[in-house]
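Report on the following structure.
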Amino acid sequence: MFRRLLALAAILGTGSVVLPATAQELVPVAVEPEPMELLKSAIDSLTTKPFFSVDADITYDNVLSNGSKVQYSAFQEIYLTRPNKLRVDYEGDLRARDYYFDGTDFTVQDADLLFYASRSLPGTTDELITLINERLGVDIPLSNLFLSDPYAEVAPQIQESRFIGTSLVLGQPTYHLLFVSEDVDWQVWIAQDPERPVFLKLLITYKNLPNSPQYTALFRDWDFETPIDDETFTFEAAPGVGQVDFLPINRPLSLGGE
């Protein structure tokens, strides 16, 4: 690996190679693990936590009318306290939006266009995600992570699963898994840490869309130890930000990140 990096540096004319300071060694796999078991273990570890925060670096493809693909980027901060508090701050190349849910009120703020829309929707986070999709046409990016049982949501859709191998993601050893469904192929990289099997990377390929665009999320700074203050989930309009109504469902308002 080091020789390959030196060769690449010579080609690029950099003159030196800087190796990641935090890179770790891959853990050998004596017996090939079962991918569905690894997936369930990672999801179970996540859903048993009463709260968490995590950041995600996102890239996604957009297919132009001439068939060319261009890639856009976004950064997302996620805060969740179970069972009914959620905040997502999303800033991307094409839009910037913040989502607040304090257990009673759901609010979306468009940080670019300086408006917000709010609706009283008391309930759990699971109920919220379903309601805003069905009634308001709103999809929060990476919303499957916020569910109380994501495995029950995704497992029935999986037609095939494969253990691809081990890989370093953000300098951390991971298990690389592939899951095939009817419309998408998705890959996940799960940390090789039995005490903390967090998701470090997600890649979705929309194989039935023209030119098979992809969506990638790199997860960093998982925090399961620091309680999240209730004020984090409470929306307060900034000066100059006006209020609007959600559009009716027959004119869905796309507030997702893609």
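When the residues of segment 216-249 are filtered to those that are part of a loop (DSSP other than H, G, I, E, B) and over 24 Å from ASN84 (Cβ atoms), the one that is modelled with the highest pLDDT is VAL244. Those strands (runs of 3 or more DSSP E) of segment 94-178 in which at least 1 residues are within 28 Å of ILE228 (Cα to Cα) and either under 18 Å from the mean Cα position of the chain (by Cα) or β-branched (Val, Ile, Thr) (or both), considering only elements entirely within it, cover 96-101, 105-110, 160-169. When PHE106 is tested against (1) open to solvent by less than 10 Å² (accessible area, probe 1.4 Å); (2) modelled with pLDDT under 95; (3) of a type in the set (Phe, Trp, Tyr), exactly one condition is not met: (2).
Among the residues of this structure, SER167 does not count as one that is farther than 19 Å from ALA217 by Cβ, of a type in the set (Ser, Thr, Tyr) and open to solvent by 30 Å² or more (accessible area, probe 1.4 Å). Within segment 42-75, the residues that satisfy the criterion of being open to solvent by less than 50 Å² (accessible area, probe 1.4 Å), touching a Leu at 6+ places or on another chain (Cβ under 9 Å) and aromatic (Phe, Trp, Tyr) are PHE51, PHE52. Residues of segment 118-135 include none that is open to solvent by less than 70 Å² (accessible area, probe 1.4 Å) and either among the aromatic types (Phe, Trp, Tyr) or within 23 Å of ALA191 (Cα to Cα) (or both).
The values are calculated or read from the model by the stated rules, or taken from the named source; none is laboratory data. Remember, predicted model here, so these are calculated numbers, not experimental data. Cβ: placed from backbone, ideal geometry, glycine included. Neighbour counts: every protein chain shown. Accessible surface areas use protein heavy atoms only, side chains included; no ligands, DNA or RNA. Shrake-Rupley method; radii C 1.70, N 1.55, O 1.52, S 1.80 Å.
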